[in-house]
1. Using packing as a proxy for protection, rank 82-95, 100-113, 120-133, 10-23 so that the peptide with the highest average count of other Cβ atoms within 10 Å comes first.
2. Rounded to whole Å and ordered largest first, report the semi-axes of the equivalent ellipsoid of segment 43-96 derived from its Cα gyration tensor (root of 5λ).
3. How many angstrom separate the Cα center of segment 96-134 from the Cα center of segment 1-79?
4. What percent does the relative contact order of the chain come to when contacts are Cα pairs within less than 8 Å and at least six residues apart?
5. Calculate log10 I(q)/I(0) of segment 6-134 for q = 0.22 Å⁻¹, where I(q) comes from the Debye formula with a single equal point scatterer on each Cα and nothing for solvent.
6. Under a point-charge model restricted to the Cβ atoms of Lys and Arg (+1) and Asp and Glu (-1), what is the dipole moment magnitude of the chain relative to its Cα centre, in debye to the nearest 20?
7. From Cα coordinates alone, what are the radius of gyration and Dmax values for segment 1-71 in angstrom?
8. Taking the chain, how many lysine pairs are there with alpha carbons less than 22 Å apart, if each pair must be eight or more places apart or span two chains?
Amino acid sequence: MIDGVTTKKLKVIPDDRGYLMEMMRSDDPFFQKFGQVYATVCNPGIVKGWHYHKVQTDHWVIVSGEAKVALHDRRPDSPTKGETNEFFMGEKNPMLLVIPAGVLHGFTALEGRPAMLVNVPTELYDYDDPDEFRVPHDDPQIGYDWGVAQG
């Protein structure tokens, strides 16, 4: 596992009306602080990634559909520099993924349908100076095969 990456198996509480899924709590050992919450959708055949943040830690949950999430560590002083992790997350495997600042990350939808991701980043999005830095999804230095053509 890439240094600083954490996963949390999510608790799904079903009843006759549907279910409740608790994602993140302020008493989780990895909790740092709250910036905002947002949702983003990835359509099939597309990659949303690679990108990284210099300050922000992300907390990702796939709330609809299934997704392949990949992380790549290019942090110069990391003990896991050069390591790539892959996670299959979504309705069939509900989990929260903590992505530390500096770790490249992205995701693609699986099973031919869109995947919706909810993120709880530690920072507010700064429209004037975003803490978001992009790397091409097919960067040869990473050498990761997303299995799709569009990034």
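1. 100-113, 82-95, 120-133, 10-23
2. Values: eigenvalues 106, 30, 27 Å².
After diagonalising the Cα gyration tensor, the semi-axes are 23, 12, 12 Å.
3. With segment 96-134 and segment 1-79 each reduced to a Cα centre, they are spaced 8 Å.
4. On the way: 346 pairs, mean separation 54.2, N = 151.
About 36 percent, as a whole number.
5. Values, matching the q order: -1.46.
6. Numbers: 15 positive and 23 negative charges, 57 e Å.
The dipole magnitude comes to about 280 debye.
7. Both quantities, over Cα of segment 1-71: 14.3, 44 Å.
8. 16
Quick note: the coordinates plus some simple rules give every number you see, no bench work behind them. Just so you know, these numbers come straight off a predicted model, no measurement behind them. Reconstructed Cβ throughout: ideal geometry from the backbone, glycine too, with neighbour counts over all protein chains shown.
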